[in-house]
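The values are calculated or read from the model by the stated rules, or taken from the named source; none is laboratory data. Treat the numbers as computed from the prediction; the structure is a model and nothing was measured. We place every Cβ from the backbone using ideal geometry, glycine too, and count neighbours over all the protein chains shown.
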């Protein structure tokens, strides 16, 4: 398979007609302003439709697009908070600079068709995407006052967390923080821990995020392993034309628990989260840096933690319109680990049997990316990435841990050979390695070519055809897996404002090194290795409709059906000596089907707002006919809001139905999750204050057996944008 990557690179070098056109090239000069205030709009994205050429507006709203080998062109302009704009067709004179009329963009409260990149690994309007995708822009993310990325994702339709383990439409359940079936990528670069294939939600600061995109259903046709249930793509901010400092501080205290006997300390339990970011362009060199500090006493014994993270992003724009990007991040987490409560009368007390458990995780994540437009209708992207994660002192406080190392590389080309075809093809190569005394030392190798064609059959109908082949090996042994993952997508717009979509495809997830080789004993708990684990497979189907009701109100509905084969689950057995033995096994043939509804709207001049979603799932083990563990049947999220400038008031309600099946303590009482949060905002020009009461009614529930959910806490947030 390594030969495939070499042949692909050679094909790009020798690909016909990809040299930049020689002779006269045109230049377009323009300016973008707010339609109402006439103020310039910096940072707007400009693209020439039917090409890969484009740019962005500067601090004065001005833009300059050079080296355009066309006689006519049409511009598409997008910017968060504004309606997408499509210009008239402009006549160009080769060798001349054409100055177009000032472009006026209208503000919008609700983004109807935001620009997304996750579905096709390139920037596209949501209206042509065949998948169910949820988009979380920066403003919505910050308004929820999240302390980490996973806190922000709780508002996304179909997303549910068991502790920090993410489920998209019930794909994952809970696997003891090993082997996520959801892939996390940062700027399209996979960022999964290399030994256990899990997600580190502390991997980057909140203020570094521009947008989060969540694609639901199998994504292996473009992203490979771990995208079995979906993909979370975190898009980081690009450097700003003007100097920008942003500071956010969140401070909160926990109130007393519901019952007096649950109190375990007289001191005030509290947390603080501080973030700062800096962004600036110095000519063609851009810089973006962010830092986060998060400390908490916790709301129960063994709940104290310290989290740090930092990131930096540097970009350089070359004269030939190519761009080099370097991204680097660091995260540190040191926390006490609450395994389970002492008893039902002391739910905030850690069981003395596990009171010495701790977790430490240090991670470094970097990537280097080079993007170059080869012609107006072809572009290439080459990237290399590195991720190191070090777990330590986890249970027995030994020093036998070494960093889990992951190397990745990808070469990708986008090509428009015909106005009706948008082709993406490339090859990805990856090495994952882990080394601790619990798993030994092992490495996994994978190489995967992929191809996708987005075919505009006619103006209202678009079809997407994709295929990826993954070859995966472990160490230098004879163990080898090959997976061919196709996908089909259809997007149809019968009327203005109505989008029908269908997607179907297969996915896979190779067993992580931890699942395959984990072997250790801690007190009454024993983990057994299983070197014969097969990869999980899935077929995922989704049909949906997105309807624009008014300029500021849309609804989206979807029906989904997912079949899973060789599902890997921890199989637990209590032995004669009362020890608990766990081994990961291919034991489940599963089916998850359901419906999903979401809506977002604004009325009365943006004084009234509503965001709501609902998901119903039937998740079953087809071998036994029973429900899959840790999957709630229903999820709901509801946020009405009232705005009276400069104030805003929100009430947030999160619901998850009672989990019918768990792995341990199945006779313990379980209840639905019903959490209310109230927020009040004060928004001034460069300053925002947010007061919040989280879990306002102090509702008691468990996500994981014998682990009480977070009790009521009150927080105040201050944010400065300078």
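When the stretch 700-717 is filtered for residues that are under 16 Å from residue 161 (Cβ atoms) and either in a loop (DSSP other than H, G, I, E, B) or in contact (Cβ under 8 Å) with a residue 40 or more places away in the chain (or both), the ones remaining, listed by number, are 701, 703, 704, 705, 707, 708, 709, 710. For the stretch 226-260, the tally of residues that are surrounded by fewer than 20 Cβ atoms within 10 Å (Cβ to Cβ) and under 30 Å from residue 345 (Cβ atoms) stands at 7.
Out of the residues in the stretch 612-638 that are at pLDDT below 95 and surrounded by fewer than 20 Cβ atoms within 10 Å (Cβ to Cβ), state the one that is farthest from residue 658 (Cα to Cα). Among those residues, the one meeting the criterion is 623. Total residues in the stretch 560-580 satisfying the condition of being part of a strand (DSSP E or B) and without any contact (Cβ under 8 Å) to a residue 24 or more places away in the chain: the figure is 3. Of the listed requirements (1) in a strand (DSSP E or B); (2) over 12 Å from residue 708 (Cα atoms), residue 342 misses just one: (2). I'd like to verify a number: residues in the stretch 97-120 that are in a loop (DSSP other than H, G, I, E, B) and within 14 Å of the chain's Cα centre (by Cα), how many? Number satisfying all stated conditions: 3.
Here residue 325 qualifies as crowded, with 16+ Cβ neighbours inside 10 Å and in contact (Cβ under 8 Å) with a residue 12 or more places away in the chain.
Taking residue 440 as the residue in question, decide whether it is crowded, with 20+ Cβ neighbours inside 10 Å, in the same structural domain as residue 334 (by TED's automatic domain parsing), over 26 Å from residue 377 (Cβ atoms) and in contact (Cβ under 8 Å) with a residue 40 or more places away in the chain. Here the answer is no, as residue 440 does not meet what is asked.
One residue alone among 291, 282, 305 is closer than 20 Å to residue 236 by Cα and crowded, with 17+ Cβ neighbours inside 10 Å, and that residue is 291.
Look at residue 621 and say whether it is out of contact with any helix residue (DSSP H, G or I) (no Cβ under 8 Å at 6 or more places or on another chain) and closer than 23 Å to residue 490 by Cβ. So residue 621 does not fit the description; no. Among the residues making up the stretch 400-410, those that are surrounded by fewer than 20 Cβ atoms within 10 Å (Cβ to Cβ) and either at pLDDT 90 or above or closer than 15 Å to residue 190 by Cα (or both) are 405, 407, 409.
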